[in-house]
Amino acid sequence: MIVITLYSMPESPGNVRTSWWALFWEVLARNLKMSIATVDPEGRLLSLYNHPYPASQSQKNSPLMAAFNNFYSKLPGKFAHREEGQLVFNPLGLPEGMARLEDGSFLILGGCLEERDPQRLDKLLEKLDKLEAPARDQFWAEMPLVTPEKLKEYLSRVVDLYNSLQRYHSSSGTAELLSAVENLDRLISLTFNPEHFELSATLELIATFIVAVAGGGGAFAFTCEYPGKSLTLWSGEHAHVVEELADIWKTLCRTKEPAKSFADLAWKMIEAELDLTFQGVYRMHNGATVYLGFIGKERPYLRKVLAALVKKAAVALGVSSLFRVFQHRWGLVFNSIMHGIIVTDNRGTILMMNQAAKQFFCDYGVKVPAAGQKITACGFGRQIEEAVCIAARSNRSFMQKRSAIGEGDSLAHLRWDVVPLLREDGCSAGAVLVFNDITEPVKLHLEIQDWERLATAGEIAAGLAHEIRNPLATAKAAIQLARMVKDPPKQEELLNKLERELDRLNDILTNFLNISKPMPEKKLEPVNLNQVLNELLFLLNSEALLNEIDLEINFFSGKPLVVLGSSGSLKQVFLNIARNAIEAMTNGGKLSISTSLQNGCVHVTFQDNGPGIPEEYMATITKPFFTTKPGGTGLGLSISSSIVKMMGGELIIKSALGEGTTVNICLPVYEDKA
Ligand code: ADP
Ligand code: MG
């Protein structure tokens with residue numbers, strides 16, 4: 001691909017000076033991505049370039065332009081006595097640095113300061129709203145942020161360059177020329193910013209500088225790469241010659257050694273046509289050729305300047321191709337990551353997003369938000385949007401969050417992190433959102449939960465039928481017997497038996513309801529675990545005493561152990577487990593109950609030195625109706641583990657035959673966020 005940019009200048013001699021300066025300012029504004037205005041000592045606006053707005057005719061008559069004119073006309077009077085480089089705020093509300101040039105005129109350089117003042121930001125947006133809407137978005141996205149220090153630095157470099165060029169024009173001295181080249185060099189190093197480095201803009205700046213040095217004579221710059229880019233610049237009196245040269249270059253730049261053949265041809269052409277000198281310098285660099293040339297009156301040292309600049313251009317070319325290789329590789333990595341990644345600046349404007357993020361939007365039939373749009377355009381919902389805004393303005397991170405977005409068919413579950421995009425100075429320059437679409441796993445999980453519930457319900461129903469049949473049979477037998485016997489004490493005994501069996505039935509049914517729907521009405525609330533255990537101690541102590549068991553208590557005393565649960569259900573759990581231990585130690589033994597705090601979890605541990613649980617039972621003891629006891633229901637552990645699970649915790653049983661059993665309940669600590 002060949003890209004050629006052409007500039008033509010008005011031919012009238014009187015205008016030449018102002019027009020090459022106009023070109024110079026325009027190219028400079030594009031390079032710095034800022035606005036540049038020059039104002040004469042009487043306050044008349046000489047030039048104004050608002051990157052990325054070209055100063056088009058329509059804008060010249062707009063209310064905005066009128067506001068600018070009004071603003072600049074007051075500058076000389078207002079700021080004549082103020083300090084150089086002082087910041088002022090233009091009609092758009094954008095900060096500008098103002099400096100006095102050696103010829104008495106004013107230079108105003110504007111950028112978008114890193115705004116941390118939301119009010120000012122809103123006002124600016126409001127003003128931009130008055131411009132055409134699409135242009136506003138472009139303006140917003142392309143306006144890079146600068147710090148006040150950076151703005152001042154740019155300003156003094158631009159002033160130096162202007163002043164040195166002016167001095168060269170009035171004296172034509174070598175020292176002035178070399179200092180102008182040096183100042184250009186310093187300005188280019190400033191714009192060598194990997195965030196917004198553009199080769200063509202740099203080459204354009206170099207070529208414009210040659211035009212400025214030539215004072216509006218014919219000057220041009222070409223670069224060519226394979227497959228290459230080419231840039232042409234022409235100006236002033238010899239425009240048609242440069243145009244012809246550009247045509248020659250276009251055909252030659254695809255050949256093997258274009259520069260040499262070009263120099264021969266150009267020289268012949270100029271000699272034949274004009275009474276002017278032709279000087280051209282080229283340099284090959286990594287298979288690319290840069291050619292800078294000048295047609296005009298003999299100027300001393302011009303060749304040296306061209307040589308120095310062509311070297312600069314070649315370096316820029318080298319950097320740009322390295323940069324492209326890097327970008328390409330980086331892009332491959334960025335786009336290979338399976339997580340969606342969206343990077344925003346500190347105004348929440350999207351800077352880039354990787355392939356996975358784009359795919360996410362495609363999968364849900366949503367238009368992929370473009371760079372330059374706000375994060376709110378993604379439709380991620382308030383939680384993520386707020387996290388991005390906070391991370392972009394402070395150093396806060398949001399890790400391992402989950403959100404559900406959209407509705408109906410396009411409901412998506414996201415797992416996401418938002419971290420600030422930190423600059424070297426530790427301040428946030430934006431935010432990075434990393435997200436995973438976990439819609440499928442979430443759906444699967446819900447399905448599995450359904451299946452598990454169904455399976456357990458089936459198991460329970462089978463067990464229940466079996467369990468109910470036993471007491472029912474006994475009850476029926478008791479009734480039949482009671483009919484037959486006439487002896488009142490005997491009858492009384494049978495009725496008692498009947499009552500006990502009905503009680504057992506009632507127990508089984510109550511417990512069953514507890515499993516299938518653990519704590520339907522009870523709300524979860526903060527519960528102090530040591531307190532719950534203390535309330536149980538009287539009961540446990542007397543049961544232990546009756547069964548000749550030593551009870552050892554060791555409660556954590558560091559701070560209250562608070563979990564989110566229900567104290568009634570927790571009592572049920574602790575009693576079930578303690579009773580199991582007591583029931584297991586038929587010949588006495590020791591039961592230790594302890595609480596502790598580890599890694600954000602509260603642990604309640606019941607350790608007995610009873611007979612232990614055979615390995616083959618371990619997998620089934622928490623299943624409903626599994627019991628090894630003649631009068632057991634087999635529901636204690638099953639209910640306990642579903643209660644603990646519901647509170648977000650876990651019930652872990654470890655046992656060694658002949659040594660004892662340890663049941664550990666761990667529950668997440670409840671942190672009061674208020
Ligand atoms: P149940 O106590 O009605 O039998 P559980 O669900 O509470 O029902 O317990 C199931 C089974 O697990 C018990 O029958 C017993 O075999 C075993 N078990 C539970 N805790 C212990 C323990 N601490 N020591 C030995 N076996 C135990
Ligand atoms: Mg039990």
Full-stretch length increase - GLU525, THR147 - with 0.36 nm per residue and alpha-carbon distance subtracted:
131.1 nm
Set the Förster distance to 60 Å, then compute FRET efficiency between ALA175 and ILE337 from the Cβ-Cβ distance, nearest 0.05.
0.65
Provide the solvent-accessible area of HIS169, counting protein heavy atoms only and rolling a 1.4 Å probe, rounded to the nearest 10 Å².
60
Based on the alpha-carbon set only, what is the convex hull volume of the range 477-621 divided per residue, in Å³?
188
If you rank GLU26, GLU501 by how much accessible surface each has, with a 1.4 Å probe, what is the order from largest down?
GLU26, GLU501
Report the extension gain between LEU509 and LYS268 in nm, rounded to one decimal, defined as 0.36 nm multiplied by the number of residues separating them, less their alpha carbon distance.
75.8 nm
How much FRET efficiency would the formula 1/(1 + (r/R0)^6) give for ARG100 and THR277, where r is the Cβ-Cβ distance and R0 is 35 Å, rounded to 0.05?
0.40
Column: log10 I(q)/I(0), Debye, Cα scatterers of the range 339-378, q = 0.29 Å⁻¹:
-0.99
Just to verify a number: what accessible area does ARG415 come out at with the full protein assembly present, 1.4 Å probe, Å² rounded to tens?
50
Quick one: ranking LEU414, LEU46 by accessible area, 1.4 Å probe, largest first, what do you get?
LEU46, LEU414
With charges set only on the Cβ (+1 for Lys and Arg, -1 for Asp and Glu), what does the dipole of the range 337-437 come to about its Cα centre, in debye to the nearest 20?
160
Proximal charge balance of LEU529 [Cβ under 14 Å; K/R count +1, D/E count -1]:
0
Under 12 Å from a label point 7 Å along Cα→Cβ of LEU539: give me every residue in the range 572-611 with its amide N that close.
572-579
What is the spin-label model distance, in nm, from LYS590 to ILE652 if the labels are put 7 Å beyond Cα along the C-beta direction?
2.3
Could you give the nm distance between label points at LYS260 and LEU546, where each point is 7 Å from its Cα heading toward the beta carbon?
11.1
Restrict the search to the range 525-564; then list the GluC sites (Glu not before Pro) that DSSP places in a loop and that have at most 13 other Cβ atoms within 10 Å of their Cβ.
GLU548
Could you compute the FRET efficiency for ARG303 and ILE248, with r as their C-beta to C-beta distance and R0 at 22 Å, rounded to 0.05?
0.55
Each label point is 7 Å from the Cα along the Cα-to-Cβ direction; what then is the distance between the points at GLN327 and THR627, in nm?
7.5
Would you compute, for the Cα atoms of the range 337-437, the largest minus smallest coordinate along each principal axis and list the three values in descending order, in whole Å?
44, 24, 24
Read phi for every residue in the range 323-328 and hand back ³J(HN,Hα) as whole Hz from Karplus 6.51 cos²θ - 1.76 cosθ + 1.60, θ = phi - 60°, with x for Gly and Pro.
4, 5, 4, 4, 4, 4
Using a 1.4 Å probe and ignoring any ligands, DNA or RNA, find the accessible area of ILE108 and quote it in Å² to the nearest 10.
0
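The values are calculated or read from the model by the stated rules, or taken from the named source; none is laboratory data. These numbers come from a predicted model, not from an experiment. Neighbour counts run over all protein chains shown; Cβ positions are idealised from the backbone, glycine included. All accessible areas refer to the heavy atoms of the entire protein, side chains included, with ligands and DNA or RNA removed. Shrake-Rupley method; radii C 1.70, N 1.55, O 1.52, S 1.80 Å.
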